[in-house]
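Notes follow the structure.
The values are calculated or read from the model by the stated rules, or taken from the named source; none is laboratory data. Bear in mind the structure is a predicted one, so any value in this text is a computation, not a measurement. Neighbour counts are summed over all protein chains in view; Cβ atoms, including those assigned to glycine, are modelled from backbone coordinates with ideal geometry. Note: areas computed on protein heavy atoms with side chains; ligands, DNA, RNA excluded. Shrake-Rupley method; radii C 1.70, N 1.55, O 1.52, S 1.80 Å.
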Amino acid sequence: MATATSIERDARYSMPTFARYPLSFVSGSGAILRDEEGIEYLDLLAGIAVNSLGHAHPELAKVYAEQGAKLVHISNLYHNPERIDLEEKLVSASGQDMKVFLSNSGAEANECAIKLARRWADKQGRSGDIVTLKRSFHGRTLATTAATGNALKAALYEPVMPGFKHIEANNIAELEAAFNEPVIAFMAELILGEAGVYELDQDFLKRALELCKEKGALLIIDEVQTGIARTGSLYAHKLFDIEPDIFTLGKALGNGFPIAATLAKKEIASAFEPGDHGTTMGGNPLGSAIALRVLELMDELDLCARAEALGTFLVTQLAELEGIANIRGKGLMRGFSLAPELGISSKELANQLMTEHHILVNAPNDKDIRLLPPLIVSETEITRFIEALKTCIRKDLDE
Ligand code: PLP
């Protein structure tokens, strides 16, 4: 629970941008969160795909203390070894000759990708749209809001930034039609997370790649949610067997410390010149040291393999349940829909799980449930969720 005082103070001081649940958390460990009254919740959302190593990881706490006592921030006017170590690790894991720009959030990483694509096109004397997908999500800055496939949200902030064309995901006819006009890039999530975990079809992706090649457009993959082992591979694009020209990371990279990255092939990255783009905080020693340790821990704990194995375990259990339809996703990025005979919305189900079973899941819309547990979640914790889900379903079918 959140105490009445917390709720009142939130209403008094916080801009009303979020409709928050009446829960206020004060501590956590692993996949468990504790509220103001000490009640424990099983967190199957991990701060929306962020806390992949779980809450309050002791090894990361050590980095906060040690690097915090050494050097936190110096600006990008100077070098710092932690930033370069992190960039080297991100590039070497890509298997491509790439360069990195570090920033503080997924939206900023995508903003950098968009700016770079435009600089690159301009240097080639070209112009055109960036093709993006309806129901995609790329962030909340003005450019990423325009890129995001939700015209109603973009219209709240008119004039909408031009230069984006939205097509339906997995619709090859719309894709081909979009490429009949000048296009400088195709930008997409491989698994649309905020939409409810919907994957791109191989055929659609293959056609997008062909068209990008044919028309000289860049392939930009937004891996802010799919990245950093969530799908069973450090970068999800490896599972789809593609080599993006530019890709972005955020969320789990810092396990909760705000850090994000844009990686671009070397020849594309060179479209930027000093002063073209920048950030005050991005790539600071503390954030870089934390992200480096996150990546090391992912290796040490073999979290890619674990995400894949536990993802399969979760799907096998879900598939046996009545009322659950269309189980989707990869690794521990999973979504499913509720069959109409259940007679409840996914928002109601998420609420039941939260209030009656103290389990946190996400309902991105009225029919889908999204699960993004920490990658250190145990089989026992997944089984606890399945049992709770069964109880809710039985109750809803009986009513
Ligand atoms: N891109 C994707 C695919 C996301 O899921 C999100 C956030 O949910 C973002 C970008 C924006 O990231 P941030 O909220 O860190 O700006």
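Taking the mean number of other Cβ atoms within 10 Å as a proxy for protection, how do you rank 67-76, 26-35, 49-58 from highest to lowest?
Highest mean packing first, the order is 49-58, 26-35, 67-76.
Among ILE48, MET333, LEU360, pick out the residue whose Cα is farthest towards the positive end of the charge dipole of the chain, where Lys and Arg carry +1 and Asp and Glu carry -1 on C-beta, about the Cα centre.
ILE48
Which value, in Å² rounded to 10, gives the accessible area of ASP222 with a 1.4 Å probe and all protein chains present?
10 Å²
Going by alpha carbons, how many degrees (0 to 90, nearest 10) lie between the helix axis of 303-319 and the longest principal axis of the chain?
The two axes meet at around 50 degrees.
Just tell me which aspartates and glutamates come within less than 15 Å, Cα to Cα, of LYS153; anything on the same chain fewer than 8 places away is out.
Result set, ordered by chain and number: GLU194.
How would you order 268-279, 223-234, 114-125 from highest to lowest mean count of nearby Cβ atoms within 10 Å?
Ranked from most to least packed, the peptides come out as 223-234, 114-125, 268-279.
Leaving ligands and nucleic acids out of the surface, order ARG83, ARG12, ARG135 by accessible area at 1.4 Å, largest first.
ARG12, ARG135, ARG83
Taking θ = phi - 60°, what integer Hz values does the Karplus form 6.51 cos²θ - 1.76 cosθ + 1.60 yield along the range 252-259, in sequence order, with x for Gly and Pro?
With the stated coefficients, the range 252-259 comes to 6, 4, x, 6, x, 6, x, 8 Hz.
Restricting to bridges with both residues inside the chain, how much of the DSSP beta-bridge set is antiparallel, in percent to the nearest 5?
Given both bridge residues lie in the chain, the antiparallel proportion sits at roughly 65 percent.
Once amide H atoms are built 1.01 Å from N in the peptide plane, which residues 5 or more positions from SER103, or in another chain, come under 5 Å H to H?
It is ALA260, ALA261, THR262, GLY283, by chain and number.
Around ILE359, which amide H atoms from residues at least 5 apart in sequence, or from another chain, sit under 5 Å from its own amide H, with H modelled in the peptide plane?
LEU42, MET354
Would you mind putting 314-325, 360-371 in packing order, based on average other-beta-carbon counts within 10 Å, highest first?
Going from most to least packed, we get 360-371, 314-325.
Could you give me the ³J(HN,Hα) list for the range 81-97, computed from phi with Karplus coefficients 6.51, -1.76, 1.60 and θ = phi - 60°, whole Hz, x at Gly and Pro?
Along the range 81-97, the couplings run x, 4, 4, 5, 4, 5, 4, 4, 5, 5, 5, 5, 5, 6, x, 10, 7 Hz.
Tabulate in residue order the Karplus-calculated ³J(HN,Hα) for the range 56-66, using 6.51 cos²θ - 1.76 cosθ + 1.60 with θ = phi - 60°, rounded to whole Hz; enter x for Gly and Pro.
Those phi angles translate into 6, 5, x, 5, 6, 4, 5, 5, 4, 6, 6 Hz.
Which entries in LYS62/LYS251; LYS206/LYS266; LYS99/LYS367 show an alpha-carbon gap greater than 32 Å?
Result: LYS99/LYS367 exceed 32 Å.
What FRET efficiency do you get for TYR21 and GLU66 if R0 is 25 Å and r is their Cβ-Cβ distance, rounded to the nearest 0.05?
0.10
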